[in-house]
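Quick notes on the structure that follows.
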Amino acid sequence: MKVALLQLTSSDDPAENLEIVRGMMRQAADQGARFILTPEVTNCVSSSRTHQAAVLSTQDDDATLAGLREEAAQLGVWLLIGSLALKTTDPDGRFANRSFLIGPDGAIGAWYDKIHMFDVQVSEVETYRESAGFRPGDSAVLADAGFAKIGMTVCYDVRFPHLHRSLAQAGAQILTVPAAFSPVTGAAHWEPLLRARAIETGCYVLAPAQTGLHPSSTGGTRRTYGHSMVISPWGEVLADAGTEPGITFVDLAMDDVAQARARVPALMHDRKFTPPDV
């Protein structure tokens, strides 16, 4: 199974981003990819809640979702839309950060709302409060793509190993970790976290990422780390896309999942224990 990770520098213009992604999907399919993955917030990277409110749509009305479903059907490929920023009907007006698995017929096979919100102070000048604009999900999602069972996560979720372990124990063979990682935390933690999740679960980890300085029509600009990666079930880095936008191809051998788990069957070695007193 040939997979293609699209590394993007998405702007805050969903229509512009859609055309870029559709073109890259065609290139990937022309080179034999049967499973194509995009990063977190494929449709819009923006730090302005006002701008997001003006350009985002609900799932039923979202042009990016409709366009990418159409493209997947025309190409006959599986597509993971890493995530889309979408309006919701929540009374507080917060958005959803929602990942989609699209089948080769263009149908939505599954969707997942990012559970863990990136509320951190990376430095004195770099602070994120994702939960101010986005509401967290509350359900893990395992999707059956036929060629593999896929555990869907998004970005900051990678720091929570129990989520990935539960997906693997439920049958996941591939874990998807689309991201828009901070350059500071990316340089320090991105690769070690991805490798750890693969080693702990015996899964392939596919992590398409946003990269570079994102064009913005309003509000401050944002920079992301890049380095889309594919990690083997044994924890080897099979691909690292660096920092330029583009397409990264890897051939997956799904038998490697069973082989890694047979060598170290840690998923079957859980034991109950009493937690420490607090």
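Of the residues ALA239, ALA258, the single one that is of a type in the set (A, V, I, L, M, F, W, C) and in contact (Cβ under 8 Å) with a residue 60 or more places away in the chain is ALA239. Inspection of the range 12-24 identifies at least one residue that is in contact (Cβ under 8 Å) with a residue 12 or more places away in the chain, crowded, with 17+ Cβ neighbours inside 10 Å and outside any helix (DSSP H, G or I). If you take the residues in the range 77-115 that are of a type in the set (Ser, Thr, Tyr) and closer than 17 Å to VAL154 by Cα, which one is surrounded by the most Cβ atoms within 10 Å (Cβ to Cβ)? Out of the qualifying residues, it is SER99.
With a requirement of 3 or more residues that are at pLDDT 95 or above and out of contact with any helix residue (DSSP H, G or I) (no Cβ under 7 Å at 6 or more places or on another chain), the strands (runs of 3 or more DSSP E) lying completely within the range 71-141 that satisfy it span 78-86, 96-102, 108-113. The residue that is surrounded by the most Cβ atoms within 10 Å (Cβ to Cβ), counting only those in the range 138-153 that are closer than 15 Å to ALA96 by Cβ and among the hydrophobic types (A, V, I, L, M, F, W, C), is MET152. List the residue pairs whose Cβ atoms are under 7 Å apart, where the first residue sits in the range 205-217 and is under 11 Å from ALA180 (Cβ atoms), the second is at pLDDT below 95 and of a type outside the set (D, E, K, R), and the two are 6 or more positions apart or on different chains. Listed pairs, sorted by first residue: HIS214/THR221. Residue by residue through the range 48-73, note down the ones that are exposed (fewer than 14 other Cβ atoms within 10 Å of the Cβ) and either without any contact (Cβ under 8 Å) to a residue 40 or more places away in the chain or of a type in the set (Ser, Thr, Tyr) (or both). Result: THR50, ALA54, THR58, ASP60, ASP61, GLU70.
Residue count for the range 222-278 under the criterion of being assigned to a strand (DSSP E or B) and surrounded by fewer than 14 Cβ atoms within 10 Å (Cβ to Cβ): the result is 1. In the range 159-210, the residue that is modelled with the lowest pLDDT out of those that are of a type in the set (A, V, I, L, M, F, W, C), part of a helix (DSSP H, G or I) and out of contact with any Phe, Trp or Tyr (no Cβ under 8 Å at 6 or more places or on another chain) is VAL184.
If you go through the range 164-192 and pick out every residue that is farther than 24 Å from THR221 by Cα, within 14 Å of the chain's Cα centre (by Cα) and not β-branched (Val, Ile, Thr), you end up with 2.
Only one of the numbered conditions (1) buried (at least 16 other Cβ atoms within 10 Å of the Cβ); (2) free of Cβ contacts under 8 Å to residues at least 12 places away in the same chain is not met by TYR156, and that is (2).
The values are calculated or read from the model by the stated rules, or taken from the named source; none is laboratory data. Quick caveat, the model's predicted, so the values are computed rather than measured. All Cβ positions, glycine included, derive from the backbone under ideal geometry; neighbour counts span all protein chains shown.
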